[in-house]
Structures are given as structure tokens and as C-alpha cells.
Amino acid sequence: MNRALMCNPRYYTVDYEINPWMHVREKPDTRLAAVQWKRLYETLIDLGIEVELIEPVKGLPDMVFTANGGLIHDGNFILSNFRFKERQGEAAHFETWAERDGFEVFRLPENSIFEGEGDMLALPSSRPGKTGRLVAGYRFRSDIGSHNLVSGILGLEVVSVELTSKHFYHLDTCFCPLTEDIAIYYPGAFDEYGLKVLSSTFKNLLPLEERDARHFCANAVVRGKDIIMNRCGEALRKQLNALGFILHELDLSEFIKSGGSAKCLVLKLD
Ligand code: ARG
């Protein structure tokens, strides 16, 4: 990843509850959220990532989670169709931004729910210039039917897995590929079939303990050997270091109050 999209948390708050982490009575501290967001932004810049910003919109507090605005691959932008009306207003803003930025924008049929990079990840490939395939989650947010549509548009094979735990409602809350062969995942968020699919797709699957999963350790931004995530447990840190990864741990507590962390706050542009 060399370019990414973020959205300033100026209007970020928890005003509605659309996942089990959100409680309107436990508002995030907006000042602290701004500090945490800025640290994430600066960490990406320090790693050499060019960060674009989309203008935040009053009344759309979750727009800060840019990973849900769509999915980008090879200059194509597949616009999200959000499941909940609370977030549906975001789509028009992501669409305008993508058009201005020169992406070819694809819209799915209205009844095909799809939440972008939150539920669909392109697997890194060792073949130069080629993305191997897509791994996609469905049930709580994206519909399985959207997987085939996106796979058809992008001309990439898709591997679909069902998500089984309400707390891990987007694929990027419980699964994170680190390389073509290595991925971290939370076993408690998949059924037996999903686990089988993941283990036949990755040579080295690192299971997260429930505690790390609840700290959103799977919701990590990965760039080469660098991994940015919310604070993680000692065992996971050691495991990742032993594999040669460099961990950048940031406290993202205020965003976890909305059910998101590092990865949700960043949309990959290439
Ligand atoms: N409050 C947001 C929602 O429920 C959080 C989104 C987090 N994004 C993600 N990619 N997991 O939609």
C-alpha cells in the first residue's frame, strides 16, 4: 500500500447502535479520538504512505471509517451499499470523492448489500502486478450475493466465508492477511467450513486469543513488514516479532467504542 484514504474525526461520535460495541450512552471522548486518529495518520506518513483525506460530513459520524466506503482495486472503485440507513448517506460522498480522484466507479444493484473493504480483502500475491484473489465475509453486513458481483467486475476469484459472531461483524474485525502465506484470524468468528477455507488458503494461520480479538488486533494496517494495530498482548507481539514483523501499537480506544480500529480508519487506494 502506497496511498490511503482517511477522514478526519471532526464529527465522529456514537449516536446510534448498529453493532454490539456501540452504546449511545458511552460516547467516545472526541478530543482523545482526534489525538488517536492523528497518531495513526502520522504513523502512515512516517511509513511513507501518501494519505488523502475526504472531507467529513456533519451527521455522518461513521464516515471516519473510510474502509467501509468501498473497495478499490486497480483503479476501480466499487461503491458500498450500506446495510443500515444510519450509514447510507455516506455513499454519495465516497462516490463523489472517487469520481474526482479519477477512479472508475461501479455501483451494485440497490438490493445488494456490500460494505467495501470492511468485508472484502484483496490477497497479496507474489506475482508482480497481480492480486491473487479476494477473501470476503458475509452475513451481518455484506450479503453473499455481492461477492459474486464484485468478483465479476474485478475479474478476480472470490473466497467467501460466513461470519458467525455479532461482535466480529465485518471480516476485517477478525481476519487480516499479513503476507500471501500468513494471516491472523479469530477462530471464534467463523464456522467450521470458514475455518477450513481459511486453512486451505493460508499456510500459516495465527489464531488470536479472545482478548486480542476483542482489542481489534485483527483490524491491523499492514505495509510490508510493518503492522499498525491497537495494543496487543505479549504473546502475539512476540509471535509477530519472531516472524520479522515490526509492530506499531497505537491506542485506538475511542474508535473501539464504535466497533472499529486501525484498519477501518484507512481505505487502501492501490
Ligand atoms: N460504527 C461502524 C459500523 O458499525 C464501525 C465500522 C468499523 N469498520 C470496519 N471496517 N470494521 O458500521
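Here, each number is a calculation from the coordinates, and none is a lab measurement. Since we're looking at a predicted model, the values are computed, not measured. Please note: Cβ atoms are built from the backbone with ideal geometry, for glycine as well, and neighbour counts cover all protein chains shown.
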*Once you've got the Cα coordinates, tell me which of 238/268; 38/58; 196/238; 27/58; 166/225; 58/257 are over 21 Å apart.*
238/268; 196/238; 166/225
*Quick one: length gained pulling residue 39 to residue 111 fully straight, 0.36 nm per residue minus the C-alpha distance?*
22.2 nm
*asked:* Give me the one-decimal nm value for the distance between modelled label points at residue 3 and residue 23, 7 Å along each residue's Cα-to-Cβ direction.
replied: 4.2 nm
*So if R0 is 30 Å, what FRET efficiency would residue 203 and residue 139 give, r being the distance between their Cβ atoms, rounded to the nearest 0.05?*
0.65
_Name the residue from 68, 243, 43 whose Cα lies farthest towards the positive end of the charge dipole of the chain, charges +1 on Cβ of Lys and Arg and -1 on Cβ of Asp and Glu._
243
*So between residue 86 and residue 101, what do we pick up on full extension, going 0.36 nm a residue minus the alpha carbon distance?*
2.9 nm
*Indicate the gyration tensor shape class of the range 191-232 (rounded, prolate or oblate), computed on the Cα atoms with a ≥ b ≥ c the square roots of the eigenvalues: a/c under 1.5 is rounded; otherwise a/b larger than b/c is prolate and the rest oblate.*
oblate
*Quick one: compute the contact order of the chain, relative version, from alpha carbon pairs under 8 angstrom and 6+ residues apart, as a percent.*
22 percent
_Using the Karplus curve 6.51 cos²θ - 1.76 cosθ + 1.60 with θ = phi - 60°, what ³J(HN,Hα) values do you get for each residue of the range 192-206, in whole Hz, with x for Gly and Pro?_
4, 5, x, 5, 5, 4, 5, 6, 8, 9, 10, 6, 10, 9, 9
*Residue separation times 0.36 nm, minus the C-alpha to C-alpha distance between residue 30 and residue 231: what's the value?*
70.4 nm
*So what's the gap between the Cα centers of the range 229-270 and the range 21-41, to the nearest angstrom?*
16 Å
